[in-house]
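Novice: Right, I'll just put the structure down here and ask away after.
The values are calculated or read from the model by the stated rules, or taken from the named source; none is laboratory data. Remember, predicted model here, so these are calculated numbers, not experimental data. Don't worry about glycine lacking a Cβ; one is built from the backbone with ideal geometry, like all the others, and counts go over all protein chains shown.
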């Protein structure tokens with residue numbers, strides 16, 4: 001069954017926004033603290049540039065990445081459901097549920113690989129795996145540097161699209177098929193629309209950065225969805241768009257809003273409270289000593 005462009009695009013945009021809303025706050029783990037540093041913030045931009053040029057100039061890179069995703073995505077997705085996704089349940093019951101759910105999604109993606117259900121299951125597995133990676137990266141990269149990493153990734157993605165360097169490698173990667181019709185987990189294909197793995201990864205990074213404030217995280221997810229829907233109107237004149245851009249713009253908008261809120265709070269006059277049993281001096285008059 002073929003799904004028209006608009007519902008296909010809407011499905012992937014909802015997934016991307018959901019990935020922003022899903023991560024829990026990055027934990028402070030002792031062994032992760034030992035490797036914490038700003039260099040980790042380069043992972044987003046390095047990942048997209050390295051993959052694109054490796055596919056262009058190194059043979060069989062797309063095939064290797066396809067099998068790497070096939071092996072790595074399911075356990076990362078299970079880790080998301082058991083640990084990285086926001087939730088109240090903990091312990092063995094949540095772990096068992098995570099493993100069972102991941103296995104069910106994998107089976108659906110494999111058995112129904114030619115259907116919308118199979119595509120949705122594959123995309124959900126990829127999204128969940130990105131949540132785990134996002135929380136882990138947010139645990140080792142300082143927030144300020146990671147914000148710069150998100151913006152840099154979107155800038156690199158835009159450059160690759162505008163310079164026509166992304167289209168061919170992306171098509172090659174998405175066309176790679178594991179043996180036995182196993183699920184394609186190296187990218188998201190839903191209906192008539194495709195989305196790169198990095199587009200969900202950057203959304204998970206934004207979600208992990210905002211996860212310390214649930215309200216702000218949910219607002220960021222909604223803002224990402226709105227910006228992405230508006231951005232995708234460019235599909236009326238373009239065939240491919242950098243889906244990392246709405247995520248980076250959402251981050252910039254949220255940072256600007258927080259900056260102006262802090263400035264307004266500093267500029268607001270401090271209220272004066274009368275001491276118990278006393279009264280405030282009248283404006284323009286000093287209280288008697």
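Novice: Does residue 22 meet the test of being surrounded by 13 or more Cβ atoms within 10 Å (Cβ to Cβ), closer than 18 Å to residue 130 by Cα, touching a strand residue (DSSP E or B) at 6+ places or on another chain (Cβ under 7 Å) and modelled with pLDDT of 95 or more?
Specialist: So residue 22 fits the description; yes.
Novice: Residue 119 fails exactly one of the following numbered conditions: (1) within 20 Å of residue 247 (Cα to Cα); (2) buried (at least 23 other Cβ atoms within 10 Å of the Cβ). What is the number of that condition?
Specialist: Looking at each condition in turn, residue 119 falls short on (1).
Novice: Okay, next question. Tell me yes or no: at least one residue of the stretch 52-67 is under 18 Å from residue 129 (Cβ atoms) and either outside any helix (DSSP H, G or I) or without any contact (Cβ under 8 Å) to a residue 40 or more places away in the chain (or both).
Specialist: Yes, some residue in the stretch 52-67 is under 18 Å from residue 129 (Cβ atoms) and either outside any helix (DSSP H, G or I) or without any contact (Cβ under 8 Å) to a residue 40 or more places away in the chain (or both).
Novice: Give the stretch 71-91 a look and list any residue that's at pLDDT below 95 and farther than 22 Å from residue 20 by Cβ, or say none.
Specialist: Passing the criteria: 90, 91.
Novice: Could you tell me whether any residue of the stretch 244-265 is surrounded by 10 or more Cβ atoms within 10 Å (Cβ to Cβ), touching a strand residue (DSSP E or B) at 6+ places or on another chain (Cβ under 9 Å) and modelled with pLDDT of 90 or more?
Specialist: Yes - at least one qualifying residue is present in the stretch 244-265.
Novice: Now for a different question. Please go through the stretch 11-41 and pick out each residue that is assigned to a loop (DSSP other than H, G, I, E, B), over 19 Å from residue 76 (Cα atoms) and touching a helix residue (DSSP H, G or I) at 6+ places or on another chain (Cβ under 6 Å).
Specialist: Correct list: 35, 36.
Novice: What about residue 72, is it at negative phi and crowded, with 21+ Cβ neighbours inside 10 Å?
Specialist: Against the criterion (at negative phi and crowded, with 21+ Cβ neighbours inside 10 Å), residue 72 does not qualify.
Novice: Given the options 126, 122, name the one that is more than 16 Å from the chain's Cα centre (by Cα), touching a residue at least 60 places away in the same chain (Cβ under 8 Å) and in a helix (DSSP H, G or I).
Specialist: Going through 126, 122 in turn, just one is more than 16 Å from the chain's Cα centre (by Cα), touching a residue at least 60 places away in the same chain (Cβ under 8 Å) and in a helix (DSSP H, G or I): 122.
Novice: Residues to consider are 180, 134, 144, 187; find the one that is under 29 Å from residue 25 (Cα atoms) and modelled with pLDDT under 95.
Specialist: Within the list 180, 134, 144, 187, the selection yields 187.
Novice: If I filter the stretch 79-114 down to residues being in contact (Cβ under 8 Å) with a residue 40 or more places away in the chain and closer than 15 Å to residue 133 by Cα, which single residue comes out as surrounded by the most Cβ atoms within 10 Å (Cβ to Cβ)?
Specialist: 84
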